[in-house]
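The numbers here are math on the coordinates, done by the rules we state, and not lab data. All values derive from a computational prediction rather than experimental measurement. Positions of Cβ are generated from backbone atoms using ideal geometry, with glycine treated the same way; all protein chains shown enter the neighbour counts.
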There are 2 protein chains.
Amino acid sequence: DNVGEEGEPECQKILSGFKTSSVLSDYTREKRIFIHGTLADQDAVVIMEKTPFREDDLAEFFSNSTLKLDMKNDIYSTYKLRAPPHLNEIKTTVVCPATEKHLNKYKRQESFLVEETKTDYESITLPFIEKQNTFSLQWVYNILQKKAEVERIVYEDPDSDTGFMLLPDFKWDQKQVDDLYLIAIVHPMNIKSLRDLTAEHIPLLKNIWQKGQAAILERYSLPANKLRVYLHYQPSYYHLHIHFTNLGYDTPGCGVDRAHLLSDVIQNLQSDPDYYKKRTLYFPLRVDDKLFSTFKEAGRV
Amino acid sequence: DNVGEEGEPECQKILSGFKTSSVLSDYTREKRIFIHGTLADQDAVVIMEKTPFREDDLAEFFSNSTLKLDMKNDIYSTYKLRAPPHLNEIKTTVVCPATEKHLNKYKRQESFLVEETKTDYESITLPFIEKQNTFSLQWVYNILQKKAEVERIVYEDPDSDTGFMLLPDFKWDQKQVDDLYLIAIVHPMNIKSLRDLTAEHIPLLKNIWQKGQAAILERYSLPANKLRVYLHYQPSYYHLHIHFTNLGYDTPGCGVDRAHLLSDVIQNLQSDPDYYKKRTLYFPLRVDDKLFSTFKEAGRV
């Protein structure tokens, strides 16, 4: 339908003028696709992902779907099912105007495992981070200063040293707890990543762990032992943030090559205040990642 | 529509009489669900999976979809998209009548994150392991003694302290390197898991890391920086073994909640010989796992 429901934004054919240039990547297992094209003469990226099934909708879903037989063999038969559109929505993100950087980010590329010693961090990674346009973190500052996404805040602790904001990740449509994905963004402005963490940040990390878990239990009735809580290294942006995902959901990005459990991070800092300053860290980098080129120029890959 | 196209089977509301009893399992990442219910008074299982996007359909798809705005921040906006039903079909399998065996097969067992302190290991996990039938490791000993799978050996170092056997994992069909998966089984017989590792095992672990990578490069032309090398805790059997998988393959079981990078393990033992003896470790256990019951009886979950 094209008519908005009472009090809801209207449905519109916003993408009817979208002209596809190329498919940047296509994750068939997850039913997710990244498409480059133009929208009103501007470069744009459209990201679409089919949504999980919702238990609450099943009765209405079965009543109003039609099926076309594909194959029947003994007790097994397969069909193509057509569902009512409002019960089979597709989560869609539009990035417009999109820059070259977006196109590269969404393009599927080969990855290599990179070894980053303490010295590599200081001589390669840190200068790379410091050269980045600070404007790229504007959306994070908008959230922390409540200039954007205010209505999405799930929990907030305003303390400037140990506080954080907890919000749903963009990848989560918030319709079911099964694929719950929230991000805690820290209030301190000077912690770029895992590498900056020392024993002085233990109160911050413990606070996020405890209050994040409590807020998720209260809002979503999901207890701590159903949560996977971790940091990424390298992160996708250099303002410290922590991922809370449903343990039962095989979240992309929770692999051991990129994720670090918050509980391990806290224990490591407790036993060695400079654990993450000294450690050699390993992580995959895509060949189109500028940090990869920087490691390559330094002869480190 | 309810009317079949020319020459095609007709679309019918075959599932309108389906009564849901329970969701057996729900794979939200893959958008796949297994539902138990009744169809004309018979037990039935309905399996539904959303379909990947089809590049050929995109133009028609965009022309005829409507979108409802969820959120707008800077250049990013998210929507719920409603697509024409014939471009957004759902692959559906019906098993009818379904037996008890089908229901068990399709039922997903819930997992919980378990916290295991040093004391928990000594008082719960270790007695649990020691009570296990040693016969359950017979297949491992058969491999190490070359009584089985001799033709599958990819590499062998026979040293009784630092040696190991490298073989393809059963999950890998060895048809393509994309999903390469090998296991290194250590020759020492007294290392049950990560928990038993101390500084004395560093030569063993380094040897496996170096020679395993070299053997994979030689046999499969896959270099070290395309490999993810890790241990599981809890492992699926208590004789130390190390996983080598293709970094580009999103292997089940490589998640941060269960996997420990070999490179991290070596560094942790270098800086603290008893790191894994003292540490609190976290891992998911399925509710039908006997170790989970043992933790539950001890009041630890």
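Across the protein assembly as shown the C-alpha pair distances fall into 20 Å bins from zero in the proportions 17, 50, 31, 2 percent. Here the residues A:HIS187, A:HIS201, A:HIS86, ranked from fewest to most Cβ neighbours within 10 Å of their Cβ, fall in the order A:HIS86, A:HIS187, A:HIS201. Estimated from the Cβ-Cβ distance and a Förster radius of 45 angstrom, the FRET efficiency linking B:GLU218 and A:SER236 is about 0.80. Using the average count of surrounding beta-carbon atoms within 10 Å as a protection proxy, the listed peptides B:138-146, A:28-36 rank, highest first, as A:28-36, B:138-146.
Inter-chain neighbour count for A:86-93: the average number of beta-carbon atoms from partner chains within 10 Å of each residue's beta-carbon is 6. Phi-derived couplings, Karplus 6.51 cos²θ - 1.76 cosθ + 1.60 at θ = phi - 60°, listed residue by residue for the range B:76-89: 9, 9, 10, 9, 9, 9, 10, 9, x, x, 6, 9, 9, 6 Hz, with x used for Gly and Pro.
Pull out a ≥ b ≥ c, the square roots of the eigenvalues of the alpha-carbon gyration tensor of the range B:64-133, then state rounded if a/c is under 1.5, prolate if not and a/b is larger than b/c, and oblate in the remaining case. Judged from the Cα gyration tensor, the range B:64-133 comes out oblate (a/c at least 1.5, b/c at or above a/b).
Applying the criteria of a DSSP loop state and at most 11 other Cβ atoms within 10 Å to the chymotrypsin sites (Phe, Trp or Tyr not before Pro) of the range B:150-251 yields B:PHE170. Which FRET efficiency value, to the nearest 0.05, do you get for A:THR99 and A:TYR27 by plugging their Cβ-Cβ distance into 1/(1 + (r/R0)^6) with R0 = 30 Å? The value I calculate is 0.85.
Neighbouring Cβ atoms from other chains, within 10 Å of the Cβ of residues in A:72-84, number 6 on average. Mean sequence separation of contacting Cα pairs (under 8 Å, at least six apart), scaled by the length of chain A, corresponds to a relative contact order of 16 percent. Each Cα pair under 8 Å and six or more residues apart adds its separation to the average, and for the range B:19-106 the resulting relative contact order is 29 percent.
Rounded to the nearest Å, what's the spacing between the alpha carbon centres of the range A:85-153 and the range B:49-65? Just the number, please. Result: 27 Å between the Cα centres.
With a ≥ b ≥ c taken as the square roots of the eigenvalues of the C-alpha gyration tensor of the range B:132-286, please select rounded if a/c is under 1.5 and otherwise prolate if a/b is larger than b/c or oblate if it is not? It is rounded, given that a/c, with a ≥ b ≥ c, falls under 1.5. Each Lys and Arg adds +1 at its Cβ and each Asp and Glu adds -1 at its Cβ; summed about the Cα centre, the range B:19-106 shows a dipole of about 220 debye. Between amide H atoms placed 1.01 Å from N, distances below 5 Å from A:GLN12 occur with B:LEU67, B:LYS68, all of them 5 or more places distant or on a separate chain. This model, with +1 at the C-beta of Lys and Arg and -1 at the C-beta of Asp and Glu, gives the protein assembly as shown a dipole about its Cα centre of some 760 debye. Magnitude of the charge dipole for chain B, about its Cα centre and with charges confined to Cβ atoms of Lys, Arg (+1) and Asp, Glu (-1), is about 720 debye. A straight Cα-to-Cα reach below 14 Å connects A:LYS296 with the aspartates and glutamates A:GLU115, A:GLU116, A:ASP120, A:ASP288, residues fewer than 8 places away in its own chain not being considered.
Sequentially through the range A:99-110, phi angles give Karplus couplings (6.51, -1.76, 1.60; θ = phi - 60°) of 9, 3, 4, 4, 4, 5, 4, 8, 7, 6, 9, 5 Hz, Gly and Pro residues having no value and appearing as x.
For A:LEU24, nonlocal amide neighbours, meaning residues 5 or more places apart or on other chains whose placed amide H falls under 5 Å from its own, are A:PHE34, A:ILE35, A:HIS36.
Cβ crowding within 10 Å ranks A:LYS206, B:LYS175 as B:LYS175, A:LYS206, fewest other Cβ atoms first. Here, P(r) means the percent of Cα pairs in each 10 Å bin from 0 to the largest distance; for chain B it is 5, 19, 24, 21, 17, 12, 3, 0.
Going by neighbour counts of Cβ atoms within 10 Å, the residues A:ILE153, B:ILE208, B:ILE124 line up, fewest first, as A:ILE153, B:ILE124, B:ILE208.
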